[in-house]
Amino acid sequence: VTLALRPAHVRTRLTLWYIAVLSAVLALYAAATLVFLWVSLRRELDRGIHHEFEAVEDRLRPAADGSMRLEGHDDPSDRLKFVEVWSPEGRLLYRSAHLNSQQLGGPPRPDMERTSVTSFVLQTGVPLRMRSGIRDVASGSRVLIHVASSEERFRHEWNELLAGLALGLPLALGIAGAGGYWLAGRALAPLGRMARQAERITADNLQERLPVESPDDELGHLARVFNKSLERLEESFGQLRRFTADASHELRTPLTAIRSVGEVALQADQEPARYREVIGSMLEEVDRVARLVDSLLFLSRADAGRALRPQVHSLLDVAQASAALLEILAEEKSQKLDVTGDSTVFANVDALVLRQAVVNLIDNAVKFSPSGTPIRVEVRRDGAQGVIDVADRGPGIPEAHRSRVFERFYRVDAARSREDGGAGLGLSIARWAVEAHGGRIEIVSREGQGSVFRILLPAVER
Amino acid sequence: MHILVVEDEPKVAQALKEGLCREGHEVALARTGEEGYYLLGAQSFDLVLLDLMLPGRNGLEILTTLRKRDQTTPVLVLTARDTVEDRVLGLDSGADDYLIKPFAFPELLARIRALSRRGAAEQFRLRIADLDIDVVARAAARAGRPLELTMREFQLLEYLARNHGRVVSREMLARDVWKETARATPLDNVIDVHIARLRRKVDDPFETKLIHTVRGVGFIVKDGAP
């Protein structure tokens with residue numbers, strides 16, 4: 001039910017909340033004011049009655065008929081004060097004339113205290129505050145004095161405040177609510193502009209950004225965060241576009257070869273051996289296409305988050321297995337392939353996947369460094385990280401290419417590409433394989449000193 | 001062998017038929033799932049090559065119905081779907097083996113041989129011309145002269161000899177000799193180097209060459225020119 005009653009707009013919701021909180025605060029404040037005013041007005045009244053009581057006590061004189069009179073006259077203007085005096089035996093000694101014979105406090109009762117203050121309502125409906133006390137007066141007799149004052153004046157004052165508050169508070173709330181609604185609208189307006197702008201951004205104009213109106217507030221923060229995601233999105237879109245273009249180029253090259261070799265062969269009659277040659281050459285290209293598609297499938301599954309089956313492995317074991325597989329290639333080039341290091345560095349890895357990374361690095365080292373130079377694979381531990389270094393004495397990777405060598409289809413030397421360089425996917429497969437294990441791969445060598453590829457993986461204890 | 005090929009792509013189907021006929025098999029072609037289903041009910045086959053993606057009746061359906069009818073004809077599934085789930089699904093439905101498209105023809109022949117040979121005893125002594133291989137003793141000799149082979153070279157030679165007269169692709173070598181699940185470019189180079197070294201020991205000193213390269217396909221061991 002509460003959900004159904006939830007207003008659709010943040011602006012309305014904010015305003016309603018604001019009004020609710022504000023009215024609660026104002027109501028509390030008004031109530032406190034009213035209580036405080038009531039208490040202080042009554043205290044003032046009581047003080048007045050007290051003075052009056054003492055004055056009456058002083059001015060009481062015995063009258064000729066055995067009753068009592070007040071010395072001096074009742075102030076005729078003050079018809080809101082009342083006096084009544086009783087003898088201990090219950091005989092009325094004095095009563096203010098404007099009481100019109102109405103009884104004020106009545107005769108003394110045995111349980112009466114020396115002084116008491118009470119509130120009551122006169123028969124005519126006038127609310128009264130009364131001080132009663134038994135006193136020995138100047139004449140030497142003991143009497144009961146009642147002095148009362150009408151509460152009408154202070155009640156009137158209090159009621160006026162109440163009325164003022166009752167009228168003023170809703171008005172104030174209304175004004176505050178309108179102001180709050182306006183403010184909320186103003187505060188949320190940039191959000192609306194951002195939403196409209198964001199709506200306009202599609203795959204075709206990903207380079208556009210949201211306006212950052214005030215960089216330091218929450219909305220500016222939101223815009224910046226959104227822009228950052230746009231940036232990443234733009235980057236991956238760009239990568240994807242490049243990738244598609246590169247992939248079609250890579251596929252087109254062998255397809256062109258197949259086509260032209262086949263077409264040329266069919267132009268004239270050939271010897272069977274020549275046909276065999278031609279078909280073999282076409283099959284080689286087919287093989288290249290198939291392998292390329294395999295690698296692309298592997299990477300696309302990697303993108304889709306291929307499930308690894310990690311187990312705790314010694315990194316040295318993985319490095320040795322990789323080196324053992326390729327040892328013969330190094331041997332052919334009289335390169336010394338050395339695997340050294342700490343056999344107690346363990347990591348939680350899918351050995352097959354990680355081995356693919358190391359194999360690709362070693363293969364590159366063998367391929368790109370000159371005959372007779374050593375290739376060093378070293379495993380060690382660096383703090384919480386397991387490290388595999390693959391170092392060669394080849395030409396190294398120029399600074400300019402370093403950030404891009406891990407990209408798909410990227411080749412340092414475009415000219416020496418296809419014959420010995422493969423499709424340019426080896427390093428991107430290696431990078432995926434390492435990053436899938438929560439590690440990273442980097443080039444740490446300085447230019448002109450060969451290449452050192454470094455794999456860093458979170459180490460675990462066996 | 002009497003082989004049923006259920007394959008909807010005409011070129012692939014025709015190539016399979018021709019290739020298998022040349023190997024001495026008798027081949028029936030079905031272009032749709034329905035046709036394959038009908039043929040399976042009408043005739044008996046020694047082996048079925050089944051494409052999983054078919055118009056009409058889906059390959060997997062055929063497979064499940066076949067197994068429901070308690071027919072134990074070996075089924076080799078051909079699929080372009082290269083995901084583990086599909087493999088498991090295919091094997092669970094009663095396929096005996098699978099090949100992922102595009103596949104190499106020699107590989108297909110090897111799988112067919114393996115299926116037809118299931119349970120047959122392995123040979124321990126292989127002879128091709130004057131090459132003599134003792135699998136148990138892990139020793140090979142040519143013209144009576146022992147060959148000094150490394151472990152890997154011996155495995156390679158044994159595998160080639162077991163398939164003698166037939167082309168062996170690099171994929172097959174990677175999987176069966178190197179036991180690598182993924183075929184990668186570095187491994188192809190490794191295989192080539194090993195073949196080159198094996199040749200140096202087995203063929204170079206002798207007049208007749210036994211190990212031949214079939215361009216674009218793989219290698220073959222046989223007596224005489226390929």
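Just so you know, all these numbers are worked out from the coordinates, no wet-lab data involved. No experiment lies behind these values; they were computed from the predicted model shown. Cβ atoms come from the backbone with ideal geometry, glycine included; neighbour counts cover every protein chain shown.
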Extreme residue, positive dipole direction of the protein assembly as shown, given options A:Ala433, A:Val137, B:Val135 (C-beta unit charges) | A:Val137
Fewest-first ranking of B:His212, A:His51, A:His98, A:His146, using other Cβ atoms within 10 Å as the exposure measure | A:His51, A:His98, B:His212, A:His146
Ordered by residue, what ³J(HN,Hα) values in Hz, to whole numbers, does the range A:175-185 give under the Karplus form 6.51 cos²θ - 1.76 cosθ + 1.60, where θ = phi - 60° and Gly and Pro are x?
-> 5, 4, x, 4, x, x, 4, 5, 5, 4, x
Calculated FRET efficiency, A:Arg109 and A:Trp17, Cβ-Cβ r, R0 45 Å, to nearest 0.05?
-> 0.15
With unit charges on the beta carbon (Lys/Arg positive, Asp/Glu negative), name the residue among A:Leu165, B:His194, B:Met53 whose Cα is farthest towards the positive pole of the charge dipole of the protein assembly as shown.
-> A:Leu165
For B:Ala28, enumerate residues with amide H under 5 Å from its amide H, sequence gap 5+ or separate chain, H modeled in the peptide plane.
-> B:Ile3, B:Leu4, B:Val5
Roughly how big is the protein assembly as shown's charge dipole about its Cα centre, with Cβ charges of +1 (Lys, Arg) and -1 (Asp, Glu), in debye to the nearest 20?
-> 260
Given a Förster radius of 56 Å and the C-beta distance between A:Asn227 and A:Leu37 as r, what FRET efficiency does 1/(1 + (r/R0)^6) yield to the nearest 0.05?
-> 0.45
How many angstrom separate the Cα center of the range A:262-280 from the Cα center of the range B:149-197?
-> 29
For A:Arg274 and B:Arg113, FRET efficiency with R0 = 41 Å and r from the beta-carbon atoms, rounded to 0.05?
-> 0.85
At the level of C-alpha centres, the distance separating the range A:76-147 and the range B:1-71, in angstrom, is 124
For the protein assembly as shown, what is the percent of antiparallel DSSP beta bridges, rounded to the nearest 5?
-> 75
Expressed as cubic angstrom per residue, what is the convex hull volume of the alpha carbon set of the range B:155-203?
-> 67
Please compute the Cα-Cα pair-distance distribution of the range A:100-220 with 10 Å bins starting at 0, giving whole percents from short to long.
-> 10, 19, 14, 10, 9, 8, 9, 9, 7, 4, 1, 0
Gyration tensor verdict on the range A:312-376 (Cα atoms; rounded if a/c is under 1.5, prolate if a/b is larger than b/c, oblate otherwise) | prolate
With a/c under 1.5 counting as rounded, go ahead and sort the range B:1-53 into rounded, prolate or oblate using the C-alpha gyration tensor (a ≥ b ≥ c being the square roots of the eigenvalues; past the cut-off, prolate if a/b is larger than b/c, else oblate).
-> oblate
Along the charge dipole of chain B, Cβ charges K/R +1 and D/E -1, which of B:Tyr38, B:Pro74, B:Thr185 sits furthest on the positive end?
-> B:Thr185
Shape call, chain B: gyration tensor on alpha carbons, a/c limit 1.5 = prolate
Cα centroid of the range A:215-250 to Cα centroid of the range A:155-195, whole Å | 45
Note: B:185-197 gets an average of partner chain Cβ contacts (10 Å, Cβ to Cβ) equal to 5
Please give every one of the lysines within straight-line cross-link reach of B:Lys68, meaning a C-alpha to C-alpha distance under 29 Å, and leave out same-chain neighbours fewer than 8 residues apart.
-> B:Lys17, B:Lys101
From the C-alpha gyration tensor of chain A, pull out the three semi-axes of the equivalent ellipsoid (sqrt of 5λ each), sorted largest to smallest, in whole Å.
-> 109, 29, 17
If you put +1 on each Lys and Arg Cβ and -1 on each Asp and Glu Cβ, how big is the dipole of the range A:315-462 around its Cα centre, in Debye rounded to 20?
-> 300
Quick calc: nm separation of the 7 Å Cα→Cβ label points for A:Lys336 and A:Leu161 -> 10.1
Per-residue mean of C-beta atoms belonging to partner chains within 10 Å, peptide B:208-221 | 2
For the range A:370-410, Rg(Cα) over 2.2 N^0.38 Å is 1.50
Chain B: calculated mean residue ellipticity at 222 nm from DSSP helix runs of at least 4, using -39500 (n - 2.57) = -12500 deg cm²/dmol
Give me the lysines in straight-line cross-link reach of A:Lys367: C-alpha distance below 30 Å, same-chain residues under 8 apart excluded.
-> A:Lys333, A:Lys336, B:Lys179, B:Lys201
Computed over the Cα atoms of the range A:208-304, the Rg and Dmax in Å are 24.3, 80
Calculate the dipole size of the range A:273-393 relative to its Cα centre from +1 charges on Lys and Arg beta carbons and -1 charges on Asp and Glu beta carbons; express the result in debye to the nearest 20.
-> 160
Least to most buried among A:Arg47, A:Arg155, A:Arg291 (fewest other Cβ within 10 Å first) = A:Arg47, A:Arg155, A:Arg291
Counting partner chain Cβ atoms within 10 Å of every residue's Cβ in A:389-397, what's the average?
-> 0
